[in-house]
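Worksheet for the structure shown next.
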Amino acid sequence: MIRKILGIDLGTTNCKAIILEEDGKILGISCIEYPLIKRRENYIEQDPQEWWKAVKEVIKRVIAATKVNPKEIISLSISSQGISFVPVDKEGTPLYNAISWLDKRAIKQTKEILKKFSLKEMFHLTGKRVNPGYILPKLLWLRENEPIIFKNTHKFLMAEDYLIMKFTGKFITDHSLAAGTLLYDVNKLCWSEEIIDRFCISQEKLPEIKWSGTPIGKISSDAAKETGLNKKTLIVVGGQDQKCAALGAGIKHKVATISLGTASAITIITNKAIIDEEMRIPCFPFLIPGFWVLEGVISTAGEALKWIQEILNMKGSYQSLNELAQKSLPGSNGIFFLPYLAGISSPDWQPKAKACFWGLNLSTKKNDIIRVVMEGIGFEIKRNISVMEELSGKVEKIRIFGGGAKSNLWLKIISNITGKEMEVFKTTEIASLGVCILAGTGAGIYKNYENALGKLNPPIKRIKPVPADQDVYQEKYQVYQKILLKLAEMI
């Protein structure tokens, strides 16, 4: 019998299931979308029961499509969106909707946190800037506005944790998710007693933390009945989706990974917690014990291309954007685009910053405008990587994935701007692949992560920078930085 692995990827608005043979062959993928609940401005929630409903359905669909015998599925693991959470009772029943990571209701509570800890103190403890998107301020909001729900909560569970509970009845999270709560000590690798005590939050209400890839136990009889899986299927601790994607892309020392999707995450791995004194790049524990990651974020990457497509009233696929952009030369006829359509995330963290085009003139064409949007994202990637190199050493290569990685032009632009060789993969389901690596390693199918990576996801395409284009972009980058300084003076 060829053993099979099941990976579940619970994203912000869709859930995927992938079945993989142990030699790396993808047998099938199923996907279901579910909505965000936008109650009012800044209040963004989800129904956690919709998460479970979607998981059950994608499992049944992918099994039906592949005709795989459930007895052949040895193990299962989950990657999920980060820091969305739901309060549950002792039976695991939700007491409130899941509050999304996109939710910004806790602005007042964020200010209260900074009365008890300075921004730098919190960054030194957690590796993160205090922000209303994290869980701690939302817990304070819940205690203040829904005191009965807060009091009756047995556990606060993030998305992966909730699914683990549905599969096994156990309340468990992993380090990569716990680190995004503002309740976790990124140096000691545990819940922060200092933070928990200061805000009078019982640690009993938080799930137990285990390392990704740790076997939890067999699926419960009820969950097996609901999903159609075999009762012997092993459940293995997963991780936050960006970290699973970095694992699936084969992140290692001197090799950065970039997720080029709606937003973009730039990730490098280190063997110690690196706390940036200037608080530019957040630090997380990685999925593997003994490793941490620095993770930069660009809020609008693919979303910026979607925006310009709508602004220019262009119908059709992104391929049409690429074809037009290719007609513009490197440098986009002297114009610039600062892609801050949702403010600046790392490394400057300026939420009030605005996007702008600079240098438009009567010779500017549609081709230049499309290309310069790609270049603007490329410059932001370079800015993040430059800070990461300052903190942890030179990056020699970039492994890139996501929808944007389908554009050869965009890959060439990023390669020439950063001066780095790019590697691209056959499959776009990198987070699902990463969680299958965790599931397979936890079940003993693979000896270790390196053994799994060698079998599952070798790069299929390499793009190297072109010296002449590099020179153009190096000169343009210097001007880009000057424009950015001018913009900062206006905020």
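The values are calculated or read from the model by the stated rules, or taken from the named source; none is laboratory data. As the structure is a computational prediction, the values presented were derived from the model and not from experiment. Cβ placement follows ideal geometry from the backbone for every residue including glycine, while neighbour counts extend to all protein chains displayed.
Here are the numbers for this structure:
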quantity	calculated
The one condition in (1) modelled with pLDDT of 95 or more; (2) buried (at least 21 other Cβ atoms within 10 Å of the Cβ); (3) touching a helix residue (DSSP H, G or I) at 6+ places or on another chain (Cβ under 7 Å) that Ala439 fails to fulfil	(3)
Residues of the stretch 248-266 that turn out to be of a type outside the set (Gly, Ala, Ser), in contact with a helix residue (DSSP H, G or I) (Cβ under 6 Å, 6 or more places away or on another chain) and closer than 24 Å to Gly24 by Cα, as a count	2
Count of residues meeting criterion [touching a residue at least 60 places away in the same chain (Cβ under 8 Å), aliphatic (A, V, I, L, M) and part of a helix (DSSP H, G or I)] in the stretch 31-61	2
Tally of residues being on the phi < 0 side of the Ramachandran plot and either touching an Asp or Glu at 6+ places or on another chain (Cβ under 9 Å) or of a type in the set (S, T, N, Q) (or both) across the stretch 125-157	14
Matching residues in the stretch 262-296 - criterion: being surrounded by fewer than 20 Cβ atoms within 10 Å (Cβ to Cβ), under 24 Å from Glu421 (Cβ atoms) and either modelled with pLDDT under 95 or not β-branched (Val, Ile, Thr) (or both)	Ala263, Asn271, Phe291
Restricting the stretch 76-114 to residues that are over 23 Å from Asn14 (Cβ atoms) and hydroxyl-bearing (Ser, Thr, Tyr), the residue that is farthest from the chain's Cα centre (by Cα)	Thr93
Filtered residue count, the stretch 365-395, keeping only those that are in contact with a helix residue (DSSP H, G or I) (Cβ under 8 Å, 6 or more places away or on another chain) and outside any helix (DSSP H, G or I)	2
Tabulated pairs, the stretch 448-477, first over 17 Å from Ile26 (Cα atoms), second among the small types (Gly, Ala, Ser) and surrounded by 13 or more Cβ atoms within 10 Å (Cβ to Cβ), C-beta under 6 angstrom, 6+ apart or interchain	Ile463/Ser415; Pro465/Ser415; Pro465/Gly419; Gln470/Gly419; Val472/Gly331; Lys476/Gly331
Yes/no for Leu321 being exposed (fewer than 15 other Cβ atoms within 10 Å of the Cβ) and touching a helix residue (DSSP H, G or I) at 6+ places or on another chain (Cβ under 8 Å)	no
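Every residue, every condition in (1) farther than 16 Å from Thr12 by Cα; (2) crowded, with 20+ Cβ neighbours inside 10 Å, yes or no:
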{"site": "Asp222", "(1), (2)": "yes, no"}
{"site": "Lys232", "(1), (2)": "yes, no"}
{"site": "Gly239", "(1), (2)": "no, yes"}
{"site": "Ala249", "(1), (2)": "yes, yes"}
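Yes or no, residue by residue, for (1) of a type outside the set (A, V, I, L, M); (2) assigned to a helix (DSSP H, G or I); (3) closer than 12 Å to Ala249 by Cα:
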residue: Leu409; (1), (2), (3): no, yes, no
residue: Lys412; (1), (2), (3): yes, yes, no
residue: Glu423; (1), (2), (3): yes, no, yes
residue: Gly440; (1), (2), (3): yes, yes, no
residue: Leu453; (1), (2), (3): no, yes, yes
residue: Arg462; (1), (2), (3): yes, no, no
residue: Pro465; (1), (2), (3): yes, no, no
residue: Gln474; (1), (2), (3): yes, yes, no
